[in-house]
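Following: one structure in structure tokens, then a few remarks.
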Amino acid sequence: MSYAPEGQQYQPPYRPEGQNPQQPYGDQYGRRQYGHQSHEPHAGQQPYGQAQQPYGQEPFEPHEPYGQEPEYEPRRKSRVRRWVIAGVSVLALAGIAAGVMYHFEIPPFTDKGAAVSFGKPAGDGKKKDAAQQPASSKMLMPTDPSAQFKNTMTLPDGTHVAVTTLDGKKSGFKGKVWVWAPKEYNDPKFAKSGFPVMIALPGGAGYPSNYWMGTDLGLQSSISKWYAEGKSKPFILAMPVLNPAPDDKGIYWDGSDIPDQPKMGTWLTEDVPDLMKANFRTIKSRDGWAFMGSSTGGFAGLKAVLKHPDKFKAVIASGPDIVPDSSLWKGHEKEKAENNPEILAKQLIDRKGPDVYLAFQVGDSENNKKTLPDVQKFIATFGNKGPVHTDLRIIKGGQHNAKTYVPNMGEGPIQFISKVMEGPVE
């Protein structure tokens, strides 16, 4: 944006003080000027001392030469131009102000920060609907208490990604959780239906945000598209932080309850599901609960389903680690083994259930060259044996990033788990 230097204002064209516009050429002797009268008669002018015009005749008044503008016109143009400049300046400043207010999430220029209730009055604290629910219903009405969700962005279809700060009662950890519900959730046709929930976990540090909450990766719009195409369930998304702090020098928590550390395993498998049950119409059984994650988040989701098959039925694990490898496990080998997907898969097979569905996808150009062989080894050892059902999509040219994983989820993994999950149900 261009602007005048500070304090500089628009000035009209310069005119020396007291100087008037010049008289038109040839009109300098026949007029009264500066209080004096010319002594020589001018053409069309009464000689000195001659009687005035007869009664009823208009007195002679000199006119501007033909085609010449009156002498006050430049001033009028200058005034108009100043008004135009002032108007444009006001509009420009208004535009800047609107942009600033949008950036800082100040209504009414944005709906960021606005309360979102996802189909129920925020903070009503009432359980009367749950009390009226038939015992035979597969759907679970919101159990309360209602969380205070604030809008972070609005998608083109009118749905919202919102955030709340969850004070985990079971884990003792307090962190952010982003949520999203598909447009069908507020469709009157599904007003009495429970929806499946997918807990989406990021890779990397997964703190202080969860990158699935950003619409640039297209997870939310992809789920809506896949549902319209008959490939996917209309999942509600829960997108919690994965770790309790930044990934400093390779330290992370494996989505587990590591001794003497924040209980991130309990946070992901107990507190986050409780938040979703309190605020959304969900599904009572494990048939409506799944995980999805990439890299470290893929490992955490895989381990959660194998460790808690009574609560979760399926996972999409993209480019995951297969065994826990956090340095924080040092000195805690017993607890580390209890969170090892290989050991958990074997235990599940030995006790013959319940059935779980593990959809893997891995790029053939992952930066960690062990990722694909490790996943293939896991599937060869445990896949499709007893209750452990597996599927693998190898992404040609695929790299270790979320932009690779999301589009390919629709080419197999989302269909694999959706076939065995329920929702919407009444």
Practice item. Take Lys303 and decide whether it is basic (Lys, Arg), outside any loop (DSSP other than H, G, I, E, B) and at pLDDT 95 or above. Key: yes
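Can Glu411 be described as surrounded by fewer than 20 Cβ atoms within 10 Å (Cβ to Cβ) and without any contact (Cβ under 8 Å) to a residue 60 or more places away in the chain?
On the way: surrounded by fewer than 20 Cβ atoms within 10 Å (Cβ to Cβ): yes; without any contact (Cβ under 8 Å) to a residue 60 or more places away in the chain: yes.
Taking the combined requirement at face value, the residue satisfies it.
Would you please name the residue that is most open to solvent (accessible area, probe 1.4 Å), looking only at residues in region 184-228 that are part of a loop (DSSP other than H, G, I, E, B) and among the charged types (D, E, K, R)? Break it down stepwise before answering.
Filtering region 184-228 down to residues part of a loop (DSSP other than H, G, I, E, B) leaves 187, 191-193, 195-196, 202-210, 214, 218.
Then keep just the ones that are among the charged types (D, E, K, R); that gives 187, 192.
Values: Asp187: 54, Lys192: 148 Å².
Within region 184-228, the match that is most open to solvent (accessible area, probe 1.4 Å) is Lys192.
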Review point. Using beta carbons and a limit of 7 Å, which pairs, at least six apart or on different chains, have the first residue in region 147-174 and part of a loop (DSSP other than H, G, I, E, B) and the second one among the hydroxyl-bearing types (Ser, Thr, Tyr) and open to solvent by 20 Å² or more (accessible area, probe 1.4 Å)?
Key: Leu155/Thr215; Leu155/Ser221; Asp157/Ser224; Lys170/Thr266; Ser171/Thr266
Review point. All but one of (1) modelled with pLDDT under 95; (2) not in a loop (DSSP other than H, G, I, E, B) hold for Asp248; which doesn't?
Key: (2)
Check your understanding: Would you say Glu342 is open to solvent by 50 Å² or more (accessible area, probe 1.4 Å), under 26 Å from Pro259 (Cβ atoms) and among the acidic types (Asp, Glu)?
Key -> yes
Review point. What is the residue count in region 377-400 for residues that are assigned to a loop (DSSP other than H, G, I, E, B), closer than 27 Å to Ile343 by Cα and open to solvent by less than 70 Å² (accessible area, probe 1.4 Å)?
Key: 4
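The values are calculated or read from the model by the stated rules, or taken from the named source; none is laboratory data. Not measured: the values here are computed from a predicted model. Neighbour counts are summed over all protein chains in view; Cβ atoms, including those assigned to glycine, are modelled from backbone coordinates with ideal geometry. Heads up: the accessible areas ignore ligands, DNA and RNA and are worked out on the full protein's heavy atoms, side chains in. Shrake-Rupley method; radii C 1.70, N 1.55, O 1.52, S 1.80 Å.
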